Protein chains: 2
Amino acid sequence: MSVKAAPPDSAKVSRLAPATADRPRVRDRILDTACELFYRHGIRAVGVDAIASEAGTNKMSFYRSFPSKDDLVAEYLADQEGEYWKWWDEVIGPYAGNPRRQVEALMESVVDLARRKIKEASGCKTSRGCALGNACVEIPEDNQRLGDIVHKYKNEIRKRLRKLAREMGAKEPEVLGDALMLLMEGSYYTRLTFPGNTGPVTAITKAARALVDAHLT
Amino acid sequence: MSVKAAPPDSAKVSRLAPATADRPRVRDRILDTACELFYRHGIRAVGVDAIASEAGTNKMSFYRSFPSKDDLVAEYLADQEGEYWKWWDEVIGPYAGNPRRQVEALMESVVDLARRKIKEASGCKTSRGCALGNACVEIPEDNQRLGDIVHKYKNEIRKRLRKLAREMGAKEPEVLGDALMLLMEGSYYTRLTFPGNTGPVTAITKAARALVDAHLT
DNA sequence: GTCTAACGTTACCGATCGGTAACAGGTTAC
DNA sequence: GTAACCTGTTACCGATCGGTAACGTTAGAC
């Protein structure tokens, strides 16, 4: 309805300002900050005000980048899922074609991550396990949008572990895959209570090996 | 300083009103309601107003029974822990002296509970796993009081499983106990995502048996 | 009858929640 | 220059949070 008709080139959206490397776009800073705070303190415990100010901006700028807090949470979950698969692929990558060794590498990396701090300067002393799984505790049951994200994610883990079990020629690949998943999820869950690798996590590699052996006769 | 001196008998506190069986004391109703709501929706998602009105009373009566919400949460956690040990002892009771059968019974009961609904008339379709573990996601890291409750609880689980492993003559009882704990905790955790027993929980009995066998040579 | 503990009710407090309106620079492309 | 976009700022909204003050009612113990 305005005087000037259609924009000149709708395909070439969003140029302007390459966003200096040391100070990224507001939106990216907010998402980064949110990922840290949500993971450390939980979703409900962190308000948009706190995220915005921690990101060096304010609430109004927040709502210019995200329609609602739920949308930010959705991106947080997607982001954490991406990080997870990146980790997964990097761990199993060197042992392509050797599913048994891949499983071992995954388990070894799990206990390694339990020991390591999240970020060097971060105030979080130890890992708090699975971001998506923890989020599931706080997601209301009528929120299908967020619930589905977690469900699909956990289902993908299940699928991949079953696939690995199948590739290594297990007698009951579904059972082995699920059993391995229980070990991994259990190690994430207990990490909330036992700091570092002082918990049952340390048993995961031996347990996984025993399970694999049992399923290969 | 008042006219009347010391109370007549401070030991015989709190008589009055046996609290009819169909309508218990306000305090008990509140605690019961809080246990349901906290477990179903999480701790942060449920306000004291909602608990009070759901229990058929109001917020003022709530604060006459509990000094703060945190105190209610502490009682909620203690209550759930009590329920858990009751379940535990009932499950392993019939197989006293047979630690191997006791572990099997525990695992079987875990998948059985995953299928069963929490309460018949309850709106909660399926179990949401470990109350204490889920609470740990929502407890702020500086709240030692609540954090310690969960930590001691999980530590007790660990001790009991290691003890069972020792009693059955496992080669590495600590490793076997921790491995069994990972299976159990993993089944609690995944129950948040997979309704009923559609998740990896179904593999827990076979997995536990394989682990036990492996540790008995 | 009287005293007292248990409970209901209404109103309120400061703080924070998620979310919005309106205005003021600042930078960049054209 | 100028239009378009990004960002910061202040103030505000209704709702809810945990928690409290003050007053009324009921019922059992003595």
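So the values come out like this:
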| read-out | value |
| --- | --- |
| Hey, A:Ala207 within 19 Å of A:Glu104 (Cβ to Cβ), crowded, with 22+ Cβ neighbours inside 10 Å and in contact with a His (Cβ under 9 Å, 6 or more places away or on another chain) or not | no |
| Complete set of residues in the range A:48-79 that are of a type outside the set (D, E, K, R), in contact (Cβ under 8 Å) with a residue 40 or more places away in the chain and more than 9 Å from DNA strand C (Cβ to nearest atom) | A:Val73, A:Ala74, A:Tyr76, A:Leu77, A:Ala78 |
| Residues within the range A:77-106 that are farther than 24 Å from A:His151 by Cβ and not aromatic (Phe, Trp, Tyr), tallied | 12 |
| Restricting the range A:167-189 to residues that are in contact (Cβ under 8 Å) with a residue 40 or more places away in the chain and touching a Pro at 6+ places or on another chain (Cβ under 8 Å), the residue that is farthest from the other protein chains (Cβ to nearest Cβ) | A:Glu167 |
| Scan of the range A:76-102 for residues that are farther than 21 Å from A:Leu161 by Cβ and buried (at least 17 other Cβ atoms within 10 Å of the Cβ), ordered by number | A:Tyr76 |
| Answer from A:Pro200, A:Pro140 - the residue that is closer than 30 Å to B:Gly42 by Cα, facing another protein chain (nearest Cβ under 8 Å) and either at pLDDT below 95 or exposed (fewer than 14 other Cβ atoms within 10 Å of the Cβ) (or both) | A:Pro140 |
| So A:Arg158, is it part of a loop (DSSP other than H, G, I, E, B) and at the interface with chain B (Cβ under 9 Å from one of its Cβ atoms) | no |
| Odd one out for B:Leu216 among (1) surrounded by fewer than 21 Cβ atoms within 10 Å (Cβ to Cβ); (2) facing chain A (nearest Cβ under 9 Å); (3) hydrophobic (A, V, I, L, M, F, W, C); (4) touching a residue at least 40 places away in the same chain (Cβ under 8 Å) | (2) |
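The values are calculated or read from the model by the stated rules, or taken from the named source; none is laboratory data. Small disclaimer: the values here were computed from a predicted structure and weren't measured. Reconstructed Cβ throughout: ideal geometry from the backbone, glycine too, with neighbour counts over all protein chains shown.
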